[in-house]
1. If the requirement is being at pLDDT below 85, of a type in the set (Asp, Glu) and over 19 Å from B:Ala118 (Cα atoms), which of these qualifies: B:Glu175, B:Glu196, B:Glu170?
2. Tell me yes or no: at least one residue of segment A:217-224 is under 30 Å from A:Asp194 (Cα atoms), under 16 Å from the mean Cα position of the chain (by Cα) and not small (Gly, Ala, Ser).
3. Restricting to segment A:198-213, and then to whatever is closer than 15 Å to B:Gly104 by Cβ and aliphatic (A, V, I, L, M), can you tell me which residue is surrounded by the fewest Cβ atoms within 10 Å (Cβ to Cβ)?
4. Just one of B:Val55, B:Val67, B:Val33 is more than 21 Å from B:Val221 (Cα to Cα) and within 15 Å of ligand 1 (Cβ to nearest atom); which is it?
5. Any idea which residue in segment A:83-117 is surrounded by the fewest Cβ atoms within 10 Å (Cβ to Cβ), counting only those that are part of a helix (DSSP H, G or I) and of a type in the set (Gly, Ala, Ser)?
6. From the residues in segment B:45-60 that are crowded, with 20+ Cβ neighbours inside 10 Å and of a type in the set (Ser, Thr, Tyr), which one is farthest from B:Thr25 (Cα to Cα)?
7. Determine if segment A:251-269 includes at least one residue that is loosely packed, with under 14 Cβ neighbours inside 10 Å and among the hydroxyl-bearing types (Ser, Thr, Tyr).
8. Between A:Leu196, A:Leu186, A:Leu216, A:Leu223, which is within 14 Å of chain B (Cβ to nearest Cβ) and in contact (Cβ under 8 Å) with a residue 60 or more places away in the chain?
Amino acid sequence: MSSYSHPARRRHLGDKRLIQMFIIPTVVLLILMNVFPLIYSLYLSFTEYSAINPTPPKWVGLDNYKKVLSDNLYWHNFAVTGRYALISVSLQMIVGFGLAMLLKEKFKGSGLLTTLILVPMMLSPAVVGAFWKNIFNPSFGIFDQFLGYSDPNTAPEWLGDPDLALWAVVIVDVWMWSPFVMLLSLAGLSAIPDYLYEAAAIDRASAWFQFRRITLPQVMPLLLIAVLFRTIEAFKQFDLVMGLTGGGPSLLQGTQAVNVTETVSVKLFRLAMPPQAQTGLSSAMAYVVLIIIIAISNLYIRALNKVREG
Amino acid sequence: MATIELINVEKKFGPSYAVKPMNMTIHSGEFVVLLGPSGCGKTTTLRMISGLEAVTDGQILFDGKDVTWLHPSDRDIAFVFQFFALYSHMTARENIAFPLQAQGEPRDSIRKRVEEVAKMLRIEHLMNARPGGLSGGDQQRVALARALVRRPAAFLMDEPLGALDAEFRESMRAEIKRLHIEQNATTVYVTHDQIEAMAMGDRVVVMSAAVVQQNGTPAEVYHDPANLFVAKFIGSPGMNLIQGHYADGRVALPGDNRYDVPADWHTTIHEAIGRDGDIILGFRPEAAHISASGPIATTVYTTDLHGSYTMLHLEIDRDTIVDVRAGRGTNYPIGTPARFDLDPAMVRFFDPKTEMAIRKGGNP
Ligand SMILES: Nc1ncnc2c1ncn2[C@@H]1O[C@H](COP(=O)(O)OP(=O)(O)OP(=O)(O)O)[C@@H](O)[C@H]1O
Ligand SMILES: [Mg+2]
């Protein structure tokens, strides 16, 4: 009865079968939860279909994609997202890397300071959105008071002014995520061996020359990773916008009213969810976003490899 | 080319000395080797000369000008680091060009100079490789090229051959020596390898325990060591040192041996330790020769065969074994008796109390 007496049988149960037994449930789960929805939504993106409607999906070919890519209304959402990603990620890189340069030298309390700076990153975006909504409030928020406006009637209305609203979201995103860039930059900076700077001092390089020719290239791989992560996140921006502005305020652009902070994800959410529930169209839009993110990631990864290999 | 002077230069890390107050002059164009065992303060000394490490006291002069508190980049020196310290993200060419680019030299002249130096060090074929892809020896050449490219007033090299294997060290040693002669640059070279020091230095500065033990030509530190440390440290094997008792022109040695001290030493020894006192007799292996009528009787302990000679280890008594160099013609079976005599011009004496050499004409 013991496996001793059936060595051959035991072998049959072993190795390959065992591996399969462990892997198959995972694969099945993956197919059910990821692969199937992915493929099914790809199919839906070529159909006219609403998830809350009993009518079955109707094949319409590329119509949804044509609409998403050519209609000014959707184009506006892509433009908002792109502008937002560009400004927000650039500022995060500058602020985060700047902070890292300042905190690179150890001083008394620098550990505590670093931890404190990291706190915003650990908060939930929904909470951050709710808090900053109050902070931006022109009548009782402290932001305008900090800027020196004492009269609520003349103070800028950050979340309500179409010229300022996107910047307000950028400010909060920078506040929240610059610490992440700082953390990666600090890791990169502290990995640069001191002897490189000693060699550079011997080679009579100025501080600026050392920064340009040693510090920057040495941390570049990590900076690129930070840019990659932050860009992908920015393209998916949803929760902060929902918490702060809900996509608004709206602005008349030609004959159309557009929401100035409505990012692609927010738009997608609106399209996909009831009452609109345009499942086919929103699937097409989601695929466009996916392709854009994959393309951007590929560009960065290529840049990263180039930096690594020289 | 610069003359470098250290005046009472010292370095303390906390309460302990890495380098005790030291004085040294390195003349323009000279090749000076700092030699000593690990941890004796060689690197610290070099780093103080370069300005990478601040002195805790004393003065450093370059050509008579006080540079003690000048930044390394204002001293016009090149430093070859023990572990190369190449810029890992740059190609060999970019590494070598770096010091010139940092000075904002025109592109054309940089390219010409870099090619010149690459040719001198025979690394033209490696110019597009990165340090990570180069062997230790090649990295060392690139590091040397980077140091040479700027024609600095002085070269400081910290064990530049320490990371190389034996075979390669020999050829690099010759190369550095040749470069020094061609460039005629003041060079301070750190090593813990005494063979390297003897082979390369115009002058050898022997350090131990944060103190300069002797500063002299290779011949001086070899033949006239200033103290017991130098006598033992220089040479492989080091000088034979036998405890004895001096009285009336004779040294009583272990094993009832007596050695008649050459007459020209008597006054010097009397002045140093008196007519009767403990003394240490020192001689190099090549100062002894096997002779049946020799005054010192021994037994053969072991023998090492070297290519061109035999090194005999002779037992005078249980605690005293000396190394004697002999021709390779004769066979010396272990356990057989052997007597040897000493070349009177090559014997040295030390005071066991002070551990200093007893020297004719006193200590310089
Ligand atoms: N930054 C430092 N802080 C504290 N002590 C140090 C420091 N640098 C060197 N020391 C000490 O100073 C002494 C001399 O060190 P140094 O590096 O000059 O020796 P070295 O002769 O170059 O030795 P090695 O042959 O091992 O390179 C050592 O005891 C070392 O521990
Ligand atoms: Mg050292």
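1. Details: B:Glu175 fails: over 19 Å from B:Ala118 (Cα atoms); B:Glu196 fails: at pLDDT below 85.
One residue alone meets the criteria, B:Glu170.
2. As a first pass, look at segment A:217-224 and keep what is under 30 Å from A:Asp194 (Cα atoms): A:217-224.
Filter again for under 16 Å from the mean Cα position of the chain (by Cα), leaving A:223-224.
Applying the additional criterion that residues be not small (Gly, Ala, Ser) yields A:223-224.
Within segment A:217-224, one or more residues are under 30 Å from A:Asp194 (Cα atoms), under 16 Å from the mean Cα position of the chain (by Cα) and not small (Gly, Ala, Ser).
3. We begin by selecting, within segment A:198-213, every residue closer than 15 Å to B:Gly104 by Cβ; these are A:200, A:203-210, A:212-213.
Next, only the ones that are aliphatic (A, V, I, L, M) stay: A:200, A:205, A:207.
Values: A:Ala200: 25, A:Ala205: 22, A:Ala207: 11.
So the residue we want is A:Ala207.
4. Numbers: B:Val67 fails: within 15 Å of ligand 1 (Cβ to nearest atom); B:Val33 fails: more than 21 Å from B:Val221 (Cα to Cα).
None of the other options fit; the residue is B:Val55.
5. So in segment A:83-117, the residues part of a helix (DSSP H, G or I) come out as A:83-104, A:110-117.
If we keep only those that are of a type in the set (Gly, Ala, Ser) as well, we get A:85, A:88, A:90, A:96, A:98, A:100, A:110-111.
Values: A:Ala85: 22, A:Ser88: 26, A:Ser90: 14, A:Gly96: 25, A:Gly98: 14, A:Ala100: 26, A:Ser110: 13, A:Gly111: 11.
Restricting to residues being part of a helix (DSSP H, G or I) and of a type in the set (Gly, Ala, Ser), the top hit is A:Gly111.
6. B:Ser50
7. We begin by selecting, within segment A:251-269, every residue loosely packed, with under 14 Cβ neighbours inside 10 Å; these are A:252-257.
Okay, now just the ones that are also among the hydroxyl-bearing types (Ser, Thr, Tyr), so A:255.
Yes - at least one qualifying residue is present in segment A:251-269.
8. Numbers: A:Leu196 fails: in contact (Cβ under 8 Å) with a residue 60 or more places away in the chain; A:Leu186 fails: within 14 Å of chain B (Cβ to nearest Cβ); A:Leu216 fails: in contact (Cβ under 8 Å) with a residue 60 or more places away in the chain.
Only one candidate qualifies: A:Leu223.
The values are calculated or read from the model by the stated rules, or taken from the named source; none is laboratory data. Here the structure is a predicted model, which means the values were calculated and not measured. When we count neighbours, we look across all protein chains shown, and the Cβ atoms used for this are built from the backbone with ideal geometry, even at glycine.
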